[in-house]
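In what follows, a structure is listed as structure tokens, so that the remarks can point back to it.
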Amino acid sequence: MVDVITEITINRPITEVSEYATNPDHAPEWYVNIHSVDWRTPKPLKLGSQIAFKAKFLGKELAYVYEIVEFIPEKKFVMKTVDGPFPMETIYTWQAIDEGHTQMTLQNKGNPKGFNKILSIFMTFMMRRANMKDLIKIKTILEQ
């Protein structure tokens, strides 16, 4: 089981941070590994929406589809893979520190198929590193 949690403080109001982060069209801007997004269901984003992502991770091209399974604006956003190389759940949560500062948490958890324990440990390290880069990127974008 892989369970990676990273967090960062973004010097922006919670509304601005959560609206930007939950818009799949922004994913290629702030996710280092995501290259493209394709809506499989009509906009706007809602429970049950499905979005296809193409990414590169550990030198491999990945294509997977996420479904929105929980969405509480300014609080929590959960996507689960419905198709892809391994079952994964991505969870965003936000907490207002004050009117202009937001704590954002990014969590990825899943059970990669076909990986032994040693590779899972390596994958956890690489995911944590990539997630931190992603959070730094979204912070940079939103604070400009």
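Summary of computed values
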read-out: Residue in the range 34-41 that is assigned to a loop (DSSP other than H, G, I, E, B), touching a residue at least 24 places away in the same chain (Cβ under 8 Å) and surrounded by 12 or more Cβ atoms within 10 Å (Cβ to Cβ) present; value: yes
read-out: Residues (within 15 Å of the chain's Cα centre (by Cα) and at pLDDT 95 or above) located in the range 82-102; value: Glu89, Thr90, Ile91, Tyr92, Thr93, Trp94
read-out: Selected residue (criterion: surrounded by the most Cβ atoms within 10 Å (Cβ to Cβ)) from residues of the range 1-33 that are in a strand (DSSP E or B) and among the acidic types (Asp, Glu); value: Glu7
read-out: Filter result (more than 20 Å from Asn131 (Cβ to Cβ) and either within 13 Å of the chain's Cα centre (by Cα) or among the aliphatic types (A, V, I, L, M) (or both)) within the range 26-54; value: Leu45, Leu47, Ala52
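The values are calculated or read from the model by the stated rules, or taken from the named source; none is laboratory data. Owing to the predicted nature of the structure, the values given are computational and were not obtained by experimental measurement. Cβ atoms come from the backbone with ideal geometry, glycine included; neighbour counts cover every protein chain shown.
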